[in-house]
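See structure below.
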Amino acid sequence: FSHADVRADYPKEGVRLLRAYIEYAASNGTRLDGGTITRVPLNDFEQSVCDALTRRGLHVIPQLGASRYRIDLVVTHPERQGQYLLAVECDGASYHSTPTARERDRLRQQHLEALGWRFHRIWSTDWFLRRDEEITRLMAAYDAAVAAADAPAQVAPPVPVAPRAAAVADEPPT
């Protein structure tokens with residue numbers, strides 16, 4: 001049993017707190033929180049992307065994060081609803097709101113990828129001009145994230161150790 005077996009958006013707070021504790025314990029104290037599901041409304045663009053994903057049967061959590069730092073859409077694993085699988089970022093109003101937003105988002109993406117997240121970015125102009133192509137790209141990113149999550153853990157091959165020189169046995173005197 002792991003934290004990924006519990007949906008992050010479970011309606012009861014006690015269950016969500018237990019999920020966070022199990023995740024914290026399993027990470028040996030390195031993960032303090034998987035983020036908070038906020039009630040921040042999606043803009044029309046984000047809602048359109050969210051609707052396209054849910055129509056394809058994907059479980060989507062909108063606006064996951066802490067404080068002002070939220071991931072627009074998080075897609076969970078198809079069989080382990082509590083496992084975050086793919087972060088989907090849209091270049092909506094918050095992206096364009098400050099001159100440093102692009103740099104902040106690039107650094108946030110690098111940080112999340114270093115923590116094991118898969119990331120996919122959708123540009124609004126591409127979405128509105130070539131929606132079908134963007135949906136195809138998004139579904140390919142989702143399929144790759146599922147495959148990566150389901151792949152057996154890569155175990156590094158053992159490092160060969162040079163054999164120690166055999167101790168020379170004492171020879172009987174001649």
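The values are calculated or read from the model by the stated rules, or taken from the named source; none is laboratory data. Predicted model, so just to flag it, every value in this text is computed and none were measured. Glycine gets a Cβ as well: all are built from the backbone with ideal geometry, and neighbour counts include every protein chain shown. Remember, those area values only see protein heavy atoms, side chains included, never the ligands or the DNA or RNA. Shrake-Rupley method; radii C 1.70, N 1.55, O 1.52, S 1.80 Å.
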Open item on the list: Could you check the stretch 44-74 and list, in sequence order, the residues that are open to solvent by 60 Å² or more (accessible area, probe 1.4 Å) and closer than 13 Å to TRP127 by Cα?
Closed with: ASP44, GLN47
Task: Flag if VAL6 is farther than 20 Å from PHE119 by Cβ, open to solvent by less than 50 Å² (accessible area, probe 1.4 Å) and at pLDDT 75 or above - done: yes
TODO: Could you grab the pairs with beta carbons closer than 8 Å, sequence gap of 6+ or different chains, first residue in the stretch 1-19 and over 16 Å from THR76 (Cβ atoms), second one surrounded by 13 or more Cβ atoms within 10 Å (Cβ to Cβ) and at pLDDT below 75?
DONE: PHE1/ILE22
TODO: With the condition kept exactly as written, say whether any residue in the stretch 120-129 is of a type in the set (A, V, I, L, M), assigned to a strand (DSSP E or B), at pLDDT 75 or above and within 20 Å of the chain's Cα centre (by Cα).
DONE: yes
TODO: Pull up the stretch 78-87, narrow it to residues that are touching a residue at least 60 places away in the same chain (Cβ under 8 Å) and within 22 Å of ARG108 (Cβ to Cβ), then point me to the one that is surrounded by the most Cβ atoms within 10 Å (Cβ to Cβ).
DONE: TYR84
Open item on the list: If a residue must be open to solvent by less than 30 Å² (accessible area, probe 1.4 Å), among the aliphatic types (A, V, I, L, M) and within 18 Å of ARG70 (Cα to Cα), how many such residues does the stretch 112-142 contain?
Closed with: 2
